[in-house]
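Only one structure is covered here, and it is reproduced in the block below.
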Amino acid sequence: MQFRRRLLRWFDREKRNLPWRGTRDPYLILVSEIMLQQTRVAAVVERYRKFIAQFPTVGRLARAREQSVLAAWSGLGYYRRARSLHAAARHIRSASAFPRSAADLTQLPGIGRYTAAAVASIAFSEPVAVVDGNVKRVLERLIGSQHKITRQPVLGEEQFWRVAGRLLDRRRPGDFNQAMMELGALVCLPARPLCQNCPVASLCASRGPAAKSRQQPRRKAVLTYVLLRKDGRVLLQQRPQDSQLMPGMWELPALSGTTSNGQLMMTLRHSITNTDYVVRVFSVPSHDETGRWVRLDSLERIALTGLTRKILKRLGTSN
């Protein structure tokens with residue numbers, strides 16, 4: 001099929017040099033795929049290298065404490081992914097074997113259809129297609145599967161998977177799947193597709209930008225924290241284990257009530273899911289010291305929230 005030949009030729013020539021490319025180790029591929037969920041490649045590359053340096057094998061990850069795993073994940077967000085990856089590693093160690101098929105991989109904690117297919121096709125050459133947001137966009141434009149008036153997708157979820165499966169190059173399923181995702185990430189962009197750079201443009205049913213979808217307005221909120229330091233230590237408090245957001249992670253103490261007796265140390269902006277925060281950090285003469293005093297030189301081993309790590313780094317108290 002001409003589409004497969006053109007796409008794979010382009011991928012062989014233009015693919016990005018990423019640290020998880022070129023390996024068939026299913027553990028390394030699994031880590032990369034979970035890190036890349038809802039996270040930009042640029043934000044993952046260095047964190048992936050550090051994570052793999054700390055946990056080079058599935059066995060090492062399985063033996064690690066959850067707090068150590070969360071500390072290594074700190075800053076990537078969506079910490080449920082880290083917990084699921086840790087649980088999956090323990091499951092694999094107890095089974096004494098890494099699942100080799102997409103069907104078996106979906107039995108691991110937190111591993112869905114897309115991740116299972118990606119790992120199985122790249123690591124084990126199983127001829128299964130993947131469908132993520134990038135692949136959907138490529139398929140929609142390729143076969144013109146948008147309503148002419150509403151510009152909304154006509155294909156349903158299962159239809160996307162069937163179409164992707166029909167297009168799949170069964171001799172090189174891992175490369176084909178990565179090529180489809182790479183095409184969506186680099187060329188077939190949401191608002192401004194680079195059709196002039198597309199290797200399959202002449203086979204595409206609908207070129208040019210798609211109509212912008214209506215997005216929900218983002219929420220606005222303010223967060224206020226206090227920074228307490230003494231003897232080379234900083235005071236941290238742990239979020240409740242039953243918290244819906246980042247349970248068990250460590251953060252600076254929240255500052256409630258008046259801040260008239262405090263000194264504003266910094267203001268920054270931070271976004272979590274669909275909320276944009278204005279964050280203010282104060283130094284105060286006295287405050288409740290409930291929590292844990294942590295040495296500044298050991299902060300890298302603590303499961304800090306991404307926001308707390310950002311604050312401490314900007315204040316020069318964390319590397």
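Considering only residues that are of a type in the set (Asp, Glu) and surrounded by fewer than 16 Cβ atoms within 10 Å (Cβ to Cβ), which ones fall in the stretch 250-291?
So the first thing to find is which residues in the stretch 250-291 are of a type in the set (Asp, Glu), and the list is 251, 276, 288-289.
Passing the criteria: Asp276, Asp288, Glu289.
Within the stretch 164-193, residues that are in the same structural domain as Ala129 (by TED's automatic domain parsing) and surrounded by 19 or more Cβ atoms within 10 Å (Cβ to Cβ) reach partners that are hydroxyl-bearing (Ser, Thr, Tyr) and outside any helix (DSSP H, G or I) with beta carbons closer than 8 Å, at six or more positions or on different chains, in the pairs Pro173/Ser125; Gly174/Ser125. Note on the stretch 40-85: residues that are farther than 25 Å from Gln238 by Cα and either of a type in the set (Ser, Thr, Tyr) or out of contact with any Pro (no Cβ under 7 Å at 6 or more places or on another chain) (or both) amount to 14.
Inspect the stretch 60-67 for any residue being surrounded by fewer than 22 Cβ atoms within 10 Å (Cβ to Cβ), in contact (Cβ under 8 Å) with a residue 12 or more places away in the chain, part of a loop (DSSP other than H, G, I, E, B) and polar (S, T, N, Q) and give the result as yes or no. So far as the stretch 60-67 goes, no, none of its residues is surrounded by fewer than 22 Cβ atoms within 10 Å (Cβ to Cβ), in contact (Cβ under 8 Å) with a residue 12 or more places away in the chain, part of a loop (DSSP other than H, G, I, E, B) and polar (S, T, N, Q).
On the given criteria, is Ser256 more than 22 Å from Arg233 (Cβ to Cβ) and assigned to a loop (DSSP other than H, G, I, E, B)? When the stated conditions are applied, Ser256 passes them. Under the condition of being more than 22 Å from Tyr114 (Cα to Cα) and part of a loop (DSSP other than H, G, I, E, B), the residues counted in the stretch 38-56 number 2. Checked against the criterion of being in a helix (DSSP H, G or I) and under 21 Å from Arg60 (Cβ atoms), the candidates Ala118, Ala87 yield just one match: Ala87. Residues in the stretch 152-208 that are assigned to a helix (DSSP H, G or I) and among the small types (Gly, Ala, Ser): Ala164, Gly165, Gly174, Ala179, Gly184, Ala185, Ala201, Ser202. When each of Ala303, Ala254 is tested for being outside the structural domain of Leu76 (by TED's automatic domain parsing), among the small types (Gly, Ala, Ser), modelled with pLDDT of 90 or more and touching a helix residue (DSSP H, G or I) at 6+ places or on another chain (Cβ under 7 Å), the lone residue that passes is Ala303. Among the residues of the stretch 23-59, just one is more than 19 Å from the chain's Cα centre (by Cα), surrounded by 14 or more Cβ atoms within 10 Å (Cβ to Cβ) and under 23 Å from Asp132 (Cα atoms), namely Asp25.
When Thr224 is tested against (1) closer than 13 Å to Val279 by Cα; (2) modelled with pLDDT under 90, exactly one condition is not met: (2).
The values are calculated or read from the model by the stated rules, or taken from the named source; none is laboratory data. This is a predicted model, so every value here is computed, not measured. Backbone-built Cβ (ideal geometry, glycine too); neighbour counts: all protein chains shown.
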